[in-house]
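J.: My questions will all concern the structure given below.
The values are calculated or read from the model by the stated rules, or taken from the named source; none is laboratory data. This is a predicted model, so every value here is computed, not measured. Note: ideal-geometry Cβ built from the backbone for every residue, glycine included; neighbour counts use all protein chains shown. Surface areas here come from the heavy atoms of the whole protein model, side chains and all, with no ligands, DNA or RNA. Shrake-Rupley method; radii C 1.70, N 1.55, O 1.52, S 1.80 Å.
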Amino acid sequence: MEKHTDNLMETITSLAKRRGFIYQGSEIYGGLAGTWDYGPLGVALKNNIKDSWRKKFVSSRHDMYEVDAAILMHPGVWQASGHVDTFTDPLVECTKCKKRVRGDHVGGNINARVPFEYIELKTKSLKEAAEKFPEWAEQDTWECPDCGTKNSFIDNPARQFNMMFSTKIGAVEDSASTVYLRPETAQGIFVNFKNVVDSFHPKLPFGIAQIGKAFRNEITPRDFIFRVREFEQMEIEYFIRPDDWQKYFEYFKDEMMEWIDSIGFDMTKVNELEVPKDDLAHYSERTVDFEFEYPFGRKELFGLAYRGSFDLNNHKLEYIDEEGGGKITPHVIEPSFGVDRALLALLVSAYKEDTSGEEVRPYLSFKPHIAPVICSVSPLLKNKPELVDKARIIYGTLKDEFGRVMWDDNGNIGKRYRRQDEIGTPWCIVVDFDTLEDDSVTIRDRDTGTQERIKIVELASYIKERLS
Ligand code: GAP
């Protein structure tokens, strides 16, 4: 029996395309590197992730304000935030084929300690970096991923490549018209700090949250939707009195872990990494990365940073703390989540294969509140109007109640089950000839494949109980 888990990324990528979760961006024109389009089921899954996040971190709380800021922002924002000067990756070019790659990704040495220090060497060549860090240099795998030439990157000096996308605003093309697409949603929050304070007069501590797109001109986008050029973030900037930072850092660490668990990540694959001082981003005084064991290695999923007063100071923003007596610059705890990385980790966590039958049965074991489709409704035979009419009535009632309900009469019943298993639908409801006699239907469980008969009037409460 052939199993597909040996090459899990290939299996997941192909399932995601075939079943309408994720397609290559601009596919009919040969694709655009680092971009992916979400199909109907991908959109539903993303929405469920965002809804669950919003419920936990925004709408169920009394101290959180959500904003939706513009993607195009004034260049002064990125000067003040440090992104114009420091949001760079080292870029090296193959002397033979001119392929450009990230200096710290040469040799597949992505997570090694030394490349971070190499980044600090700024425009030095890999050769100079290697002399300084012999341990790193011992690798003999420095070959061009395109032409295969060995050590073809080593003599070229690395140059610092700014990852922000720029564009021109207005009809006049001069340097003053350059603007950037935001590389993080965080700055859209900071620039609205004063607006929110003036409109709502929140008391410390309080947070401002935002869900939205961010853009980074990654030198080497890779690993499906893991490292892309256009992605979505869910971020919170939580404003506190400076002395309280450790308390709230720990608090949000627990809250993040709780949410990660609640949406169905495989928790055995989740790891907390205390980022070493030398590797902290320019704004951070402490960062914990939440990592996930993806099929291509253990990689950053989300981050939690203590940004101190870095941003409010740089934007010259203050707060009048009536309780603390006078003007202060609040400090900031930042829980930062990537929607696309979350979605990929969910696909990896949920992908299962049932090998108990004659054929492998792949299925996605999403939790019901996260599954793109909660249940499907089918008539056993689509050419029997009495079954179709009855099934249509049930479908309409459940659709009104739950929204994410699919009508499915395509192919025989076995094919329908396989399709629903592959998209992670927890329950398949089938109307058969007995239904016409006893007002009961068959409801099949995705994970076990077992079927039970229940009364039509009990369907909604059956599902509701299991959704919560
Ligand atoms: N405001 C802080 C910030 O943006 P970051 O660690 O650079 O911090 C936060 O990004 C999160 O955004 C990451 O943990 C990841 O989930 C997501 N992310 C960052 N770059 C990404 C990329 N190129 N593709 C997909 N997701 C990305």
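J.: Can you tell me the orientation of helix 245-262 relative to the chain, as the angle in degrees between its alpha-carbon axis and the longest Cα principal axis, to the nearest 10?
T.: 30
J.: Can you list the residues, at least 5 places off or on another chain, whose amide H is less than 5 Å from the amide H of GLU143, using H built in the peptide plane?
T.: Those lying under 5 Å, H to H, from GLU143 are GLY107, ASN151.
J.: Give me the percent of DSSP beta bridges within the chain that run antiparallel, rounded to the nearest 5.
T.: Roughly 85 percent of the DSSP beta bridges within the chain come out antiparallel.
J.: Per residue, how much accessible area does the chain have with a 1.4 Å probe, in Å²?
T.: Normalised by residue count, the accessible surface of the chain is 47 Å².
J.: So who's got an amide H within less than 5 Å of the one on TYR65, skipping anything under 5 residues away but keeping other chains? H placed 1.01 Å off N, in plane.
T.: GLY207, ILE208, ALA209
J.: Then there is this: In the structure shown, do any of LYS55/LYS168; LYS98/LYS299; LYS46/LYS277; LYS55/LYS253; LYS132/LYS277; LYS352/LYS415 have a Cα-Cα gap over 26 Å, and if so which?
T.: Too far apart for the 26 Å limit: LYS55/LYS168; LYS98/LYS299; LYS46/LYS277.
J.: Report relative contact order for region 337-458 in percent, whole number only (criteria: Cα-Cα under 8 Å, sequence separation at least 6).
T.: 25
J.: Okay, moving on. Percent of accessible area on the chain owned by carbon and sulfur, 1.4 Å probe?
T.: Result for the chain: 49 percent of the exposed heavy-atom area is carbon or sulfur.
J.: Please give the FRET efficiency for PHE296 paired with VAL172, using the beta carbon to beta carbon distance and R0 = 45 Å, rounded to the nearest 0.05.
T.: Plugging the Cβ-Cβ distance into 1/(1 + (r/R0)^6) gives 0.50.
J.: Over the heavy atoms of ILE413, what accessible area does a 1.4 Å probe trace out, to the nearest 10 Å²?
T.: 50
J.: Do any cysteines in the chain lack another Cys Cβ under 4.7 Å, and if so which?
T.: Within the chain, the cysteines lacking a partner Cβ under 4.7 Å are CYS375, CYS428.
J.: Tell me the relative contact order for the chain as a rounded percent, counting alpha carbon contacts under 8 Å between residues six or more apart.
T.: Once normalised by length, the contact order is 13 percent.
J.: If contacts are Cα pairs under 8 angstrom and at least 6 residues apart, what is the relative contact order of region 279-419 in percent?
T.: Result for region 279-419 is 14 percent.
J.: Quick check: residue separation of TYR29 and LEU8 times 0.36 nm, minus the Cα distance between them. What number comes out in nm?
T.: Between TYR29 and LEU8, full extension yields an extra 4.9 nm.
J.: Give me the three principal axis extents of region 363-468 from the C-alpha atoms, as integers in angstrom, largest value leading.
T.: 33, 27, 23
J.: Ok, one more. Out of every Cα-Cα pair in the chain, what percent are more than 44 Å apart?
T.: 24
J.: What spacing in nm lies between the two simple spin-label points modelled at LYS415 and ALA70, each 7 Å away from Cα in the Cβ direction?
T.: 5.1
J.: So between GLU322 and ARG100, what do we pick up on full extension, going 0.36 nm a residue minus the alpha carbon distance?
T.: Contour length minus the Cα-Cα distance gives 74.5 nm.
J.: If you don't mind, another one. Considering only region 336-441, what is the antiparallel percent among its DSSP beta bridges, to the nearest 5?
T.: Within region 336-441, antiparallel bridges account for around 35 percent of the total.
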